[in-house]
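**Q** I'd like to ask some things about the structure below.
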Amino acid sequence: MLLAQIASQIVSLVVLAWMMRLVAPADYGLFGMVLPAVMLPRMAATLGLFTAVLQRNLSDSELTGLFWLNVTWGLVATAVTALAGLWLADAYGQPVLSSLCLSLSGTTFVVAVASQHQALLERKFQLGPLAGARLLAQVCGGFAGIYSARRGAGLWALVAQQYGELVVLAIWAWFLEPWRPGWPTRGQSARGESTSGLVAFSSYYSASQLVYYVAQNLDKLLLPLFFGRAADMAIGLYSQAFNLMMRPVFVLTSPVTGLMVAGLSQAVGDRAAHTAIVARFFRLAGVALFPCAAGLAAVAPEVMLVLGGYRWQAAGWILAVLAPAMAAQGLANLGMHVLSAAGRSGRLLAATVVLCLLLIAAGIATVYLGRSGFLGLAADPTINSALGLAGAYTLVLAGLWFPAYLWFCLRTADVRPRDVVLPLVPSLVAAVVMGLAVWGLGRIPQLQSLAPAARLAILVGAGVVIYAALAAREFAWCWRELWSSAHASGTGNSISASELPADESSSMPNP
């Protein structure tokens, strides 16, 4: 699964670099303006039920009831997205946003039809085939986007890319997962006591994800509010920098979140096994997230120049400011799944509301200061505001909210924080030292005179060597852990059966 994720990100970066040379930053900005209108209804319709299916072993009738509920909500979300375009076009003074929302609304229905099959595949630990399907879908979406962009589609190439990826993924998810829903009946409606509990859980979870999404996409809300049509370029630069910052988070946490939730749900009642699973996954993620965050902060300008060229140069500085938040973002995602596995979706919602309010307050302040010229970071006030917004995000998320949130998640799940935090310290220290060393190396005049691609290759290579030397023990632990987990039970599961209660380990599904 991890290898598939790495391959997926390599494909994604190649497609992104190609698309960034064919599609203007302003078009990415327009696309970013409509993303909240697409993603918020989609998340409300699908995410909670996806997690409910992943967390619990459901009967066929319950699965059928949830499937048709998912489809119904997907249709409602599709309509909401289509209608939201009319308001966005009027609010931002961009008529094209109406057509863009209408075009993208169908993607939500495609996701709703396929989400339950993907959840079932994860529940059964069929992660390899699912990862292969996602990789194939990504390649198809990239081909559709690049082909359309080369034919002069511009903004609409981004729409073609979305449909190409999501439709192929939906088809393959149905092909891989043999379960099929029955026709909806009154007896299979979401009114039973068990299913109603799932709907309540999914509602809280979906609400928390909606709030979390708003917190992560304030640029698409605040920059147009302060600058109107002039914000197109800044939104395009900020959104691509943010997406690049999040890529390592998806690579490193996506392979483990499904396993962690399923494993924790089966370790209920055994505190030692529960704590061991949480500590293992956090340590595995930290070993990789910390160096990615530190290294990206040191080489972000070179990354953007290599990917997009000089018209994306300002995004490099935004990425450098956002990079330190990467590790906190990834570990916060794991904490979110610890809470959901414990069935505490209400508390998850409360924690995300606090984060959103903090980020809104800090974001409004920094965007206002950027527009007024107080933040003298760039000549363009919109770029100033985008840089200030990135700084506010990193400061609030990593410096203020995340430490309290991690303690809150672990204590709520009855896990001692020190059992999870202390194993993270060696990799964190090694990553900070490596990041400082790479940053200092990049200031050498001889390196600064090289082409961006050559300079980036040297700096990344140096960072890998330095971190490997400083964190050799952590790498050895990771290798032993992954190898023993893959072979301990003879089934290929990433969670060792020996760490589950005796009455549960025999029921672990075979991949």
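The values are calculated or read from the model by the stated rules, or taken from the named source; none is laboratory data. None of these values were measured; they are calculated from a predicted model. With ideal geometry, Cβ positions are generated from the backbone for all residues, glycine too; neighbour counts draw on all protein chains shown.
**Q** Could you grab me the full set of residues in the stretch 117-144 that are more than 21 Å from the chain's Cα centre (by Cα) and touching a residue at least 24 places away in the same chain (Cβ under 8 Å)?
**A** K124, the sole residue that qualifies.
**Q** Within the stretch 89-106, can one find any residue that is over 30 Å from F226 (Cβ atoms) and either of a type in the set (V, I, T) or modelled with pLDDT of 85 or more (or both)?
**A** There is at least one residue in the stretch 89-106 that is over 30 Å from F226 (Cβ atoms) and either of a type in the set (V, I, T) or modelled with pLDDT of 85 or more (or both).
**Q** Applying the selection to the stretch 267-312, what residues are more than 21 Å from L13 (Cα to Cα) and of a type in the set (K, R)?
**A** Within the stretch 267-312, R271, R280, R283 qualify.
**Q** So, one more: Give me the pairs, please: first residue somewhere in the stretch 210-238 and surrounded by fewer than 23 Cβ atoms within 10 Å (Cβ to Cβ), second residue anywhere and not in a helix (DSSP H, G or I), beta-carbon distance under 6 Å, and either six or more positions apart or on two chains.
**A** As it stands, the answer is R229/G93, since those pairs meet every condition given.
**Q** Continuing with the same structure: Identify, by number, the condition in (1) more than 18 Å from I235 (Cα to Cα); (2) within 21 Å of the chain's Cα centre (by Cα); (3) not basic (K, R) that G435 doesn't meet.
**A** Failing condition for G435: (2).
**Q** Still on this structure: Out of everything in the stretch 145-165 that is surrounded by fewer than 20 Cβ atoms within 10 Å (Cβ to Cβ) and aromatic (F, W, Y), what residue ends up being nearest to the chain's Cα centre (by Cα)?
**A** Y163
**Q** Within the bounds of the stretch 333-349, is there any residue that is crowded, with 22+ Cβ neighbours inside 10 Å, over 23 Å from W407 (Cβ atoms) and modelled with pLDDT of 80 or more?
**A** no
One line per residue, one yes/no per condition, for (1) crowded, with 24+ Cβ neighbours inside 10 Å; (2) touching a residue at least 24 places away in the same chain (Cβ under 8 Å); (3) of a type outside the set (D, E, K, R):
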{"site": "A325", "(1), (2), (3)": "yes, yes, yes"}
{"site": "A365", "(1), (2), (3)": "no, yes, yes"}
{"site": "A379", "(1), (2), (3)": "no, no, yes"}
{"site": "Y393", "(1), (2), (3)": "yes, yes, yes"}
{"site": "F402", "(1), (2), (3)": "no, yes, yes"}
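**Q** Follow-up. Is it the case, given these coordinates, that Q313 is touching a residue at least 12 places away in the same chain (Cβ under 8 Å), more than 21 Å from the chain's Cα centre (by Cα) and in a helix (DSSP H, G or I)?
**A** When the stated conditions are applied, Q313 passes them.
**Q** Here's something else I'd like to know. For residues that are under 19 Å from L339 (Cβ atoms) and touching a Phe, Trp or Tyr at 6+ places or on another chain (Cβ under 8 Å), scanning just the stretch 412-429, find the one that is surrounded by the most Cβ atoms within 10 Å (Cβ to Cβ).
**A** Per the criteria, the residue is V420.
**Q** Just checking, which of G388, G330 is crowded, with 20+ Cβ neighbours inside 10 Å, under 21 Å from the mean Cα position of the chain (by Cα) and not aromatic (F, W, Y)?
**A** The match here is G330.
**Q** In this structure, does V76 turn out to be in a helix (DSSP H, G or I) and either at pLDDT below 85 or touching a strand residue (DSSP E or B) at 6+ places or on another chain (Cβ under 9 Å) (or both)?
**A** no
**Q** Something else about it: Among the residues of the stretch 128-135, is any under 26 Å from L155 (Cα atoms), surrounded by fewer than 23 Cβ atoms within 10 Å (Cβ to Cβ) and not basic (K, R)?
**A** Looking for residues that are under 26 Å from L155 (Cα atoms), surrounded by fewer than 23 Cβ atoms within 10 Å (Cβ to Cβ) and not basic (K, R), one finds at least one in the stretch 128-135, hence yes.
**Q** Being surrounded by fewer than 20 Cβ atoms within 10 Å (Cβ to Cβ) and in a loop (DSSP other than H, G, I, E, B) is the filter here; which residues of the stretch 21-45 pass it?
**A** Answer for the stretch 21-45, where residues must be surrounded by fewer than 20 Cβ atoms within 10 Å (Cβ to Cβ) and in a loop (DSSP other than H, G, I, E, B): just A24.
**Q** So in the stretch 243-259, with the set limited to residues that are hydrophobic (A, V, I, L, M, F, W, C) and either at pLDDT below 85 or surrounded by 23 or more Cβ atoms within 10 Å (Cβ to Cβ) (or both), which one is nearest to L97 (Cα to Cα)?
**A** For the stretch 243-259, the residue satisfying everything is L244.
**Q** For the stretch 437-459, what are the residues that are in contact (Cβ under 8 Å) with a residue 40 or more places away in the chain and either surrounded by fewer than 14 Cβ atoms within 10 Å (Cβ to Cβ) or of a type in the set (A, V, I, L, M) (or both)?
**A** Once the filter is applied, which keeps residues that are in contact (Cβ under 8 Å) with a residue 40 or more places away in the chain and either surrounded by fewer than 14 Cβ atoms within 10 Å (Cβ to Cβ) or of a type in the set (A, V, I, L, M) (or both), the stretch 437-459 yields V438, A453, L456, L459.
**Q** Test of understanding: among G182, G154, which residue is in contact (Cβ under 8 Å) with a residue 24 or more places away in the chain, over 30 Å from L66 (Cα atoms) and of a type outside the set (V, I, T)?
**A** None of the other options fit; the residue is G154.
**Q** Consider L102 carefully, then state whether it is surrounded by fewer than 21 Cβ atoms within 10 Å (Cβ to Cβ), aliphatic (A, V, I, L, M), out of contact with any Ser or Thr (no Cβ under 7 Å at 6 or more places or on another chain) and assigned to a helix (DSSP H, G or I).
**A** Yes; evaluated as a whole, the condition is true for this residue.
Conditions (1) modelled with pLDDT under 90; (2) under 30 Å from L284 (Cβ atoms); (3) part of a helix (DSSP H, G or I); (4) among the small types (G, A, S), marked per residue:
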{"site": "V321", "(1), (2), (3), (4)": "no, yes, yes, no"}
{"site": "A327", "(1), (2), (3), (4)": "no, yes, yes, yes"}
{"site": "V354", "(1), (2), (3), (4)": "no, yes, yes, no"}
{"site": "I364", "(1), (2), (3), (4)": "no, no, yes, no"}
{"site": "G370", "(1), (2), (3), (4)": "yes, no, yes, yes"}
{"site": "L375", "(1), (2), (3), (4)": "yes, no, no, no"}
{"site": "T382", "(1), (2), (3), (4)": "yes, no, yes, no"}
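**Q** Still on this model: Take the stretch 93-116 and flag every residue that is under 20 Å from the mean Cα position of the chain (by Cα) and over 15 Å from W156 (Cβ atoms).
**A** T108, V110, V111, A112, A114, S115, Q116
**Q** How about the stretch 1-20: which of its residues are among the hydrophobic types (A, V, I, L, M, F, W, C), in a helix (DSSP H, G or I), in contact with a helix residue (DSSP H, G or I) (Cβ under 8 Å, 6 or more places away or on another chain) and over 12 Å from Q161 (Cβ atoms)?
**A** L2, A4, I6, A7, V11, L13, V14, A17, M20
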